[in-house]
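*Asks:* Input: one structure, supplied below.
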Number of protein chains: 2
Amino acid sequence: MISYPDDSVAIGVDIGGTKIRFGLVRSDGLIFHTLVLPTKAAEQRVMEQVYAGIEQILLVWENSLASHRLNGIGIGSAGQIDFLRGTVHFASELIPGYTATPVKDLVTQRFNLPVYIDNDVNVLALAESRFGAGMDCRNMVCLALGTGVGGAVIADGRLLHGVNGGAGEIGHMSVNMNGPACICGSYGCLEIYASGTGIFNRYQELTVLNIKKQATSANDVVERWLSGEMAARQVIEMTIAGLGAAIASLIHIFNPEVVVIGGGIAELGEPLFAPLRSRISTLAMPSMLEAVRIVPAELGGSSNMVGAAIQVWEYGM
Amino acid sequence: MISYPDDSVAIGVDIGGTKIRFGLVRSDGLIFHTLVLPTKAAEQRVMEQVYAGIEQILLVWENSLASHRLNGIGIGSAGQIDFLRGTVHFASELIPGYTATPVKDLVTQRFNLPVYIDNDVNVLALAESRFGAGMDCRNMVCLALGTGVGGAVIADGRLLHGVNGGAGEIGHMSVNMNGPACICGSYGCLEIYASGTGIFNRYQELTVLNIKKQATSANDVVERWLSGEMAARQVIEMTIAGLGAAIASLIHIFNPEVVVIGGGIAELGEPLFAPLRSRISTLAMPSMLEAVRIVPAELGGSSNMVGAAIQVWEYGM
């Protein structure tokens, strides 16, 4: 990818199920200003909130940063986003009424600036490939282990989108065709083994006969694992098995230079990465293993917003 | 992809483990002339055979087709090919001594023409995307079900290569992390369920206590399945289960317009495709299923050679 050596800025918008993060970002990733607003998803007022936040950021720009050329608005959003059309192809009931919203057209009309929109994991991958763990890599697989499991792929320097923006749903890659049913329709998907929801559910199943032992959250399960508790160990070993199988397959499919893993569970660091790397080294072909690093995401909580903004230079110049 | 509407020609070379197919191909896929030579793999004389075949084709071109501009030489080859460097990154003992051969440099030096080399399934996918089942599709997943299972992916109009040409090893995607060990190091790979070798081996395991019942080949197993034999049905049902799980995952990963399946087993047609499509329709997300067709490869035995030649226009113009 090219570098953006100028001091121009863009507005980044990160639309999540509960909050929207806005920022004014310079081409080298420096954040001048940020703002967080509630999504108001239940009230179906997402777009109103998006407009309000952008207006706030524009005011700050006009008042104190107008010497920096404003290149456009980049949006990262929850849901399946159709990058080319700039619409929400599908959003779950987490944001009711959001499906089919023509976000790109609406924001373009309102602010008369170039606008780009992609899904949240794609913009995260973009940020990591520019300023983080995948810097200077042209072939990168990115996994986001949160409540669910998100994915994004950069191949030959470009994000994969697929025909209507659905590419990269790595959480719904089956690692066990005889495994439990997944919400997507398939069986034994990675998400069942490696998401917070999956980890929590499997732990509750294991301890169902011992109510006193039940966990309060996925984090709770992870803490029990770190303290050596048996049932938690059984659950997290399955998480590592599932992740190992999926990542070995992804290495065979993409032959990447780097696999970047972000999200809450990845913040565990070496206790997770050491056994995971060890397992992948036995599963993947040596000819492809030699080329790849398995590393945690490096950028913090603003990475989606920064990655969203970065689209403006990535596609607009 | 662009179209190539001129009457220029290229030399296509398809290097397999036992034979090498050469041809003189026009930009619209028309084959003017073909030639087949033995690979002489055991004698380690592959490159000599490649030179000899190209010289023969050049003679034909000079004598009777020199009014068609000759644009270059395109090669498709067995093994893991490093497309960018034009070398053999890894080849099994099927072609001893072939690993690390700088094919592109050697052929360029000898004939002083532009040369491109890629692996056999990638050039097959290129041919199908230009003239076959994936015509006009910019997002295509291609599976070749032969002795092993090969794969290739076209995303946003471009073949995926990965960092050293290894991308697309779909046969070594695990669909059952608790399944049997695969030669690649992983477990329950698609190749175990859907390759000729896998089908044959699993049938022999099932009938091991009944020597008279043992099959002579994968084709034999398939014929027994078509005639309703019980053990063969059990084996092919596992083939369909493995293919279904893998293709649903690939749809989630790539969000393609078309999945093209070639190779011996795919030639079965509807008896294979009908139950396979039916299974995938229950496994894949509706938002991505609506966009994709699952179809057999359309081009015949010369498709690798034609796809090899097509590289000359794909990358050279």
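*Asks:* Give me the net charge for the shell around B:Arg26: Cβ to Cβ below 11 angstrom, other residues only, Lys and Arg +1, Asp and Glu -1. All intermediate terms of the calculation are to be shown ahead of the outcome.
*Replies:* On the way: positive: B:Arg69; negative: B:Asp6, B:Asp7, B:Asp28.
Surrounding charge for B:Arg26 is -2.
*Asks:* Sticking with this one: What is the spin-label model distance, in nm, from B:Thr34 to A:Ala42 if the labels are put 7 Å beyond Cα along the C-beta direction?
*Replies:* In this crude spin-label approximation the distance works out to 6.7 nm.
*Asks:* Select from chain A the helices, each a whole stretch of DSSP H, whose alpha-carbon atoms run 24 Å or more along the helix axis and whose Kyte-Doolittle mean is at least -1.0; answer none if there are none.
*Replies:* Correct list, ordered by number: A:230-254.
*Asks:* Can you say what percent of the DSSP beta bridges in the protein assembly as shown, counting only those with both residues inside, are antiparallel? Round to 5.
*Replies:* If we restrict to bridges inside the protein assembly as shown, about 60 percent are antiparallel.
*Asks:* In which sequence would B:Arg130, A:Arg293 go, from the one with the fewest C-beta neighbours within 10 Å to the one with the most?
*Replies:* Listed from fewest to most nearby Cβ atoms, that is A:Arg293, B:Arg130.
*Asks:* Give the aspartates and glutamates reachable from A:Lys19 as a straight Cα distance under 15 Å; neighbours fewer than 8 places away on the same chain don't count.
*Replies:* Excluding near neighbours in sequence, the set is A:Glu43, A:Glu48, A:Asp120.
*Asks:* Moving to a separate point now. Which translational diffusion coefficient, to the nearest whole µm²/s, is obtained for chain A from the Stokes-Einstein equation, given a Kirkwood hydrodynamic radius over C-alpha pairs, 20 °C and 1.002 mPa s? Can you show the working numbers first?
*Replies:* On the way: Rh = 20.3 Å.
It comes out at roughly 106 µm²/s.
*Asks:* Using amide H atoms built in the peptide plane, which far-off residues or other-chain residues are under 5 Å from B:Phe83 H to H?
*Replies:* B:Gly165
*Asks:* Hey, quick one: spin label on A:Leu94, modelled 7 Å out along Cα-Cβ, who in the range A:3-38 has an amide N within reach, i.e. under 11 Å?
*Replies:* What the label zone holds, given the 11 Å backbone N cut-off, is A:15-19.
*Asks:* In addition: Hey, with R₀ at 30 Å, roughly what FRET efficiency would A:Tyr315 and A:Gln56 work out to, going by the Cβ-Cβ distance, to 0.05?
*Replies:* E between A:Tyr315 and A:Gln56, to the nearest 0.05, is 0.75.
*Asks:* Return the whole-Å distance between the Cα centroid of the range B:168-220 and the Cα centroid of the range B:81-155.
*Replies:* One Cα centre to the other: 25 Å.
*Asks:* Right, here's the next one. What number, rounded to the nearest 500 deg cm²/dmol, is the helix-based mean residue ellipticity at 222 nm of the protein assembly as shown, given -39500 (n - 2.57) per DSSP H run of at least four residues and division by all its residues?
*Replies:* One gets -11500 deg cm²/dmol as the mean residue ellipticity at 222 nm.
*Asks:* Suppose a student asked you for the relative contact order of chain B, using Cα pairs under 8 Å spaced at least 6 residues apart; what percent would you report?
*Replies:* The normalised contact order for chain B reaches 20 percent.
*Asks:* Further question: So for A:Leu190, A:Leu289, A:Leu276, fewest C-beta neighbours within 10 Å to most, what's the order?
*Replies:* Details: A:Leu190 32, A:Leu289 16, A:Leu276 21.
Taking fewest neighbouring Cβ atoms as first place, the list is A:Leu289, A:Leu276, A:Leu190.
*Asks:* Taking 0.36 nm per intervening residue step and subtracting the Cα-Cα distance, what contour gain separates B:Ala66 from B:Ser217 on full extension? Show your work: numbers first, answer last.
*Replies:* Numbers: separation 151, 0.36 × 151 = 54.36 nm, distance 4.59 nm.
Length gained, B:Ala66 through B:Ser217: 49.8 nm.
*Asks:* Determine the relative contact order of the range B:135-296: mean sequence separation of Cα pairs under 8 Å and six or more apart, normalised by residue count, in whole percent.
*Replies:* Reported relative contact order: 24 percent.
*Asks:* For a quick check: sort A:Asp118, B:Asp6 by the number of other beta carbons within 10 angstrom, fewest at the front.
*Replies:* Starting with the residue having the fewest Cβ neighbours, the order is B:Asp6, A:Asp118.
No lab work stands behind these numbers, since they all come straight from the coordinates. Predicted model only: the values in this text are computed from it and were never measured. Glycine gets a Cβ as well: all are built from the backbone with ideal geometry, and neighbour counts include every protein chain shown.
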